[in-house]
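Participant: Once you've had a glance at the structure underneath, I'll fire off some questions.
The values are calculated or read from the model by the stated rules, or taken from the named source; none is laboratory data. These numbers come from a predicted model, not from an experiment. For neighbour counting, all protein chains shown are included, and Cβ atoms are generated from backbone atoms with ideal geometry for every residue, glycine included. Just the protein is used for accessible areas: all its heavy atoms, side chains included, with ligands, DNA and RNA removed. Shrake-Rupley method; radii C 1.70, N 1.55, O 1.52, S 1.80 Å.
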Amino acid sequence: QDRIDCSFCTLVIFTHQLVTQRKAMTTELVTLLGDTLLSGSEAIKTADALKGKASILLYFSAHWCPPCRGFTPVLGESYKEYKASGGNEAEVVFVSRDRDLTAFKDYFVEMPWLALPFENNQDLLQGLGKKFDVKGIPCLVALGPDGKQLFEGDSVDPRSLVAQHKGAAFPMTLAHVKQLKAELENKAKQSLKEFRSIFPPLCTKTGEEKSFGELLDSHDHLVLVLGDGDASDRTYQTLTKVETGVSSLPGGSKRLAVIYLGWSLYNESCNHADFKDKFYTARESASDLTEDFKKALGLLCGGEVSAPHALVLACDENGVPTIVTSAPGCQTICKTGSEGYPWSKERMAELEVAKEARISDLKKKQTNLQFLKGPGREGLCSNSGIEVKVDSLAAGESDAVVGLYFSAHWCQPCRGFTPVLAQCHKDLQAAGKTFEVVFLSSDKDEEAFKEYFAEMPWLAVPFEERSLKEDLSNLFEVQGIPTLVLLKPDGTVLAKNGREAISLGAEYFPWGPDEMACGTAVAEQKAAEKLKAAIKAEATAVEEQTAKGVPVVKRLRGKPGVSFEHDVATKTVMLKSFPTLGAPELLVKSGTLYYEIEILESEGIPQCGFAGIGFDTSDDYSGDGVGDDTKSWGFDGVRGARWNGGSAEWPCSWKTGDIIGFAANIDLGKIAISKNGSWTDSPNGLVFKNPQIKEGVYPAFTGSGYNLRYNLDGDKHGPFAHAPPPSHVWAGASEGYPES
């Protein structure tokens, strides 16, 4: 009897502990997500909604984001499939990145799960993104009942699990994911056993037939490249170099063979046949690869394949292929080259240890700039052909400065900064100051390096010393280019952000703490004066237009004085850094509003159209233009897109000299567009139909590196080049386009 009572007490205590633990976990979720969640239009308590759940998936998404709109239906069907099977251990909670309440409501109505409230809740919505380090959307973050992430780092991608397993991906607990992984590995092993028999016949570069089995038996490793036919992609050029590099190793002729398999086409101009003289290729075209074979390849790649993708295979003692590594984008191979061969986890770990050792060694050699020396090299390159000794730089006066310039010719911001740096270098040398720069190239090849270096009046590390450049980048934590690191001759770091020092000017050399503080104060004063002058100039432009009795075009978003130039007399606008200009006083609430723009320069990015009531204004860069929110409608003849709460395909191309007509029929809630007077040539004509348009709209345009001339009034701005849309344009629905 005593034993029975004791067992009963133990059970009661255990049950009490379990209930207490689950209650504490629910409390943690409430603390994390707030007291209330939304289920459709109904508010429910977070504690009740998530009670007993083993996993909670936070879905960071937004209606304006095309990839999100593509993934949401996939997630929705998978969620419904899971629920229909009786699953109840997991729940999804939508964490909106939408820009306004209307967009949130329009998007959430499509979703079968819960959501965090949007209104007056931005601190929580943004805070969750920061807490879980969400870098892009769509993103799924899996939490346990304690509110902690189930999968740290990049070990598991919940979004990929859904794409691969659909409803079977749920409940996405640690145990379930482990089970899915084991099942996938077993399927992959079985697939590899059948690989020799299902692999299509191959052709050599000279057209001779070879079998997969022959290549597997005669080489240490094979690289299967699932390609996209884009011969201009440097990935394939790098793979060719890697194959050559491995072949040059001892015994290399039989070490590696690369097989190109046409998986998909990047665009219509791409062709898998372009690779027949570069790699082993399948005798059949991509369209002839059997579904079973493509399914097997997809399984080996982890379910999702985005070409180019590389699989490195070896052969076990029984002749069965084994996977050494799976490399999305072929990045592992391209990044480490032949040095990383055979790109196994063990080899990557060895390279990482070696890299850390090199960086540690470089740090020791930072004193007196000794880390700029190379194997058998004491000096640095110059355009004059004269080698400049590193020791001569280290022997400079205490106020001398040496800049390490990480840059590349292909990088547009670099090409913009290099002339500024060169002018500062020239000014300081003319003033007798000691300022030297050492170029560390991120160019793709030596030819590009030579072309770019020829423009530079300073020194460089030889291009072939790639590992030294990479190690110096790691040592100084270079995250992007252009980067300028400023050093004293003894190797002491003055600044890792040398671009800021250069922006202050040569007069603040050698850019020590006192000089930087003084220069920054002066720069801030100049910026304030420039801002004041810009705001005054904008006010003057408004007054000038008002005095003339013409529609007033003014800045709605963007920084005054730097984001655009506006010539009132010629009605021209140079849009620099994505500002939005418009004529809100021209708001029309009935009838039809029509205006035109002439494209003066079409190299940049435009978003031109209409803004409505509630369109937000800002005195700073926002990154949002006409059509990025639900209160505006835009057209983009460069990227071929139409915009309302995000972008959608609209295959029209604008070029310099084109005249684009924009028309809004307020009474019908419709917007149409023309090019050079045509309202019927596809995709012109009626494009948007939306009840919000009936509230009223006005002309607005956004752009970056885009110049145009506007005509908002056929009387006050002069005659329109073309006529507004005829009545039949408004007669039907927006052909080919859903209501926005």
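Participant: Taking D277, is it surrounded by fewer than 12 Cβ atoms within 10 Å (Cβ to Cβ) and assigned to a helix (DSSP H, G or I)?
Facilitator: Values: surrounded by fewer than 12 Cβ atoms within 10 Å (Cβ to Cβ): yes; assigned to a helix (DSSP H, G or I): no.
So D277 does not fit the description; no.
Participant: Can you run down the residue pairs with Cβ atoms below 7 Å, 6 or more apart or on separate chains, where the first is in the stretch 66-89 and closer than 11 Å to V162 by Cα and the partner is β-branched (V, I, T) and buried (at least 19 other Cβ atoms within 10 Å of the Cβ)?
Facilitator: Final answer for the pair search is V74/V162; L75/V162; S78/V162; Y79/V92.
Participant: Need the failing condition index for L38 against (1) touching a Pro at 6+ places or on another chain (Cβ under 7 Å); (2) assigned to a helix (DSSP H, G or I), just the number.
Facilitator: Every condition holds for L38 apart from (2).
Participant: For the condition among the polar types (S, T, N, Q), surrounded by fewer than 13 Cβ atoms within 10 Å (Cβ to Cβ) and either out of contact with any Phe, Trp or Tyr (no Cβ under 8 Å at 6 or more places or on another chain) or part of a helix (DSSP H, G or I) (or both), what is the one hit in T540, T520?
Facilitator: Working: T520 fails: surrounded by fewer than 13 Cβ atoms within 10 Å (Cβ to Cβ).
The unique qualifying residue is T540.
Participant: Further question: Inspect the stretch 41-59 for any residue being of a type outside the set (A, V, I, L, M), closer than 18 Å to P158 by Cα and not in a strand (DSSP E or B) and give the result as yes or no.
Facilitator: Start the filter on the stretch 41-59 by keeping residues that are of a type outside the set (A, V, I, L, M), which leaves 41-42, 45-46, 48, 51-53, 55, 59.
Restricting the remaining residues to those that are closer than 18 Å to P158 by Cα gives 53, 55, 59.
From what's left, not in a strand (DSSP E or B): 53.
Scanning the stretch 41-59 turns up at least one residue that is of a type outside the set (A, V, I, L, M), closer than 18 Å to P158 by Cα and not in a strand (DSSP E or B).
Participant: Hey, could you check the stretch 114-134 for residues that are among the aliphatic types (A, V, I, L, M) and in a loop (DSSP other than H, G, I, E, B) and say which is most open to solvent (accessible area, probe 1.4 Å)?
Facilitator: Narrowing the stretch 114-134 to residues among the aliphatic types (A, V, I, L, M): 114-116, 124-125, 128, 134.
Retained after the next criterion (residues that are in a loop (DSSP other than H, G, I, E, B)): 116, 134.
Working: L116: 1, V134: 23 Å².
Result: V134.
Participant: Being closer than 29 Å to V562 by Cβ, open to solvent by less than 20 Å² (accessible area, probe 1.4 Å), under 22 Å from the mean Cα position of the chain (by Cα) and modelled with pLDDT under 90 narrows it down to one residue among G604, G637, G625; which is it?
Facilitator: Details: G637 fails: modelled with pLDDT under 90; G625 fails: modelled with pLDDT under 90.
Result of the check over G604, G637, G625: G604.
Participant: Could you check the stretch 642-730 for strands (runs of 3 or more DSSP E) lying wholly inside it with 2 or more residues that are over 23 Å from S577 (Cα atoms)? Before you say what the answer is, go through the steps one by one.
Facilitator: Details: elements: 647-649, 659-665, 670-675, 685-689, 697-704, 706-711.
Here the list reads 659-665, 670-675, 685-689.
Participant: Also, I was wondering about something else. Got a sec? Which strands (runs of 3 or more DSSP E) wholly within the stretch 397-499 have at least 3 residues that are buried (at least 19 other Cβ atoms within 10 Å of the Cβ) and either more than 28 Å from the chain's Cα centre (by Cα) or in contact (Cβ under 8 Å) with a residue 24 or more places away in the chain (or both)?
Facilitator: Working: elements: 401-407, 435-441, 483-487, 493-495.
Counting at least 3 such residues, we get 401-407, 435-441, 483-487.
Participant: Starting from residues that are more than 21 Å from the chain's Cα centre (by Cα) and at pLDDT 90 or above, keep the ones in the stretch 143-160 and report whichever is most open to solvent (accessible area, probe 1.4 Å).
Facilitator: Going residue by residue through the stretch 143-160, those that are more than 21 Å from the chain's Cα centre (by Cα) are 143-152.
Subset that is at pLDDT 90 or above: 143-150.
Details: L143: 0, G144: 2, P145: 40, D146: 52, G147: 10, K148: 135, Q149: 59, L150: 39 Å².
Across the stretch 143-160, the extreme among qualifying residues is K148.
Participant: Search the stretch 198-220 for residues that are without any contact (Cβ under 8 Å) to a residue 60 or more places away in the chain and pair each with any residue that is in a loop (DSSP other than H, G, I, E, B) and open to solvent by 50 Å² or more (accessible area, probe 1.4 Å) when their beta-carbon atoms are under 7 Å apart and the residues are at least 6 apart or on different chains.
Facilitator: Pairs found: H219/R255.
Participant: So M111 ticks every box in (1) crowded, with 17+ Cβ neighbours inside 10 Å; (2) in contact (Cβ under 8 Å) with a residue 60 or more places away in the chain; (3) aliphatic (A, V, I, L, M); (4) not in a helix (DSSP H, G or I) but one. Which box is left unticked?
Facilitator: Only one criterion in (1) crowded, with 17+ Cβ neighbours inside 10 Å; (2) in contact (Cβ under 8 Å) with a residue 60 or more places away in the chain; (3) aliphatic (A, V, I, L, M); (4) not in a helix (DSSP H, G or I) is unmet by M111, namely (2).
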